[in-house]
Amino acid sequence: MPRFILLPATGSPDDAPVFGAALEAARLFGAHLAFLHVRPDVHHHIASLGAADMGLGTRPDAALAAMEETADAQEHAAAAAWRAFCDQQGIPLVEAPSAVQGISAEWLTEVGSQPAWLAAHGRAADLIVMGRRAEGRSVALDVLETVLMATGRPVLIASDKPPGPLADTVAIAWKDTPDAGSAVWAALPFIRVARRVIVFTVQEEPGSGDRSDRRVLRALRWSNPKTSVQALKRDGRPPVEVLLRAAVAAGSTLLAMGCYGHGRLREAVFGGFTRAVLERAPLPVLMAH
């Protein structure tokens, strides 16, 4: 059961859906929310630019001051958004377990690389909540890759829309692979409290004889009797389109899936299917690797 949930606080408008998804998870489990702000190491950045002769000119002090000003603004915006969110939701601020029952929150700060610090703190967390957007990119694959690969923890990736109750209908994108098995294990806390669970399989080869979905069904019904399987036919359509349409039609509120790929490079860890889900899924996605 996730009781310590880590999430980034960047000071960007992209934080809002992340805060919302983390809150929905915390409501399910009475969890503690640890908001992490990572301030860029501007001195290191300036030194790196200077060493690479990146055109700082004769005014490195001015460049340093401008970067510090930007970092200050981001930190102040992140802290203000965090406090406003906790005040609005009535979340008490605590730094250690206490007599407080239910959801609580704290503020953490570090200086340096955001992916590195998210990974370092994430290895001690039960669940990490991330967003899909960063600095104008539709999917921040570099950050997601680092967190997934370097923590061994499940990552809940918020959608752009405000989330509903995460455990209303839990969908599982099943494929007979270790990553899919890890995703099911990571989703068990949500599966146990879900109103219903649907295991989706997308037909790849007619007559393949794969019965692994039935094994998953038999096992998961011990955690939630309201578990079913839907075998989906491709009919010439891309597998991701088949899966997402079925998940949306079923009213799914959470999609659990593994990181389907074939190697350790980002292009392989986030293969075409996984990348498409991250870009297009209109619901939160729980991933594990």
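The values are calculated or read from the model by the stated rules, or taken from the named source; none is laboratory data. Bear in mind the structure is a predicted one, so any value in this text is a computation, not a measurement. Neighbour counts run over all protein chains shown; Cβ positions are idealised from the backbone, glycine included. Ligands, DNA and RNA are excluded from the accessible area calculation, which covers all protein heavy atoms including side chains. Shrake-Rupley method; radii C 1.70, N 1.55, O 1.52, S 1.80 Å.
List of remarks:
- Each residue, A219 and A249, gets one label point 7 Å from its Cα in the Cβ direction; the gap between the two is 2.8 nm.
- Surface share of carbon and sulfur [accessible, 1.4 angstrom probe, percent] for segment 118-257: 50
- If R0 equals 51 Å, the separation of the Cβ atoms of K226 and H76 corresponds to a calculated FRET efficiency of about 0.65.
- Extension gain, A66 to D142: 0.36 nm times the residue separation minus the Cα-Cα distance gives 24.8 nm.
- An ellipsoid equivalent to segment 116-257, defined through the eigenvalues of its Cα gyration tensor, has semi-axes of 26, 18, 16 Å when rounded to whole angstrom and sorted largest first.
- Normalised per residue, the volume of the convex hull around the Cα set of segment 79-196 (Å³): 155
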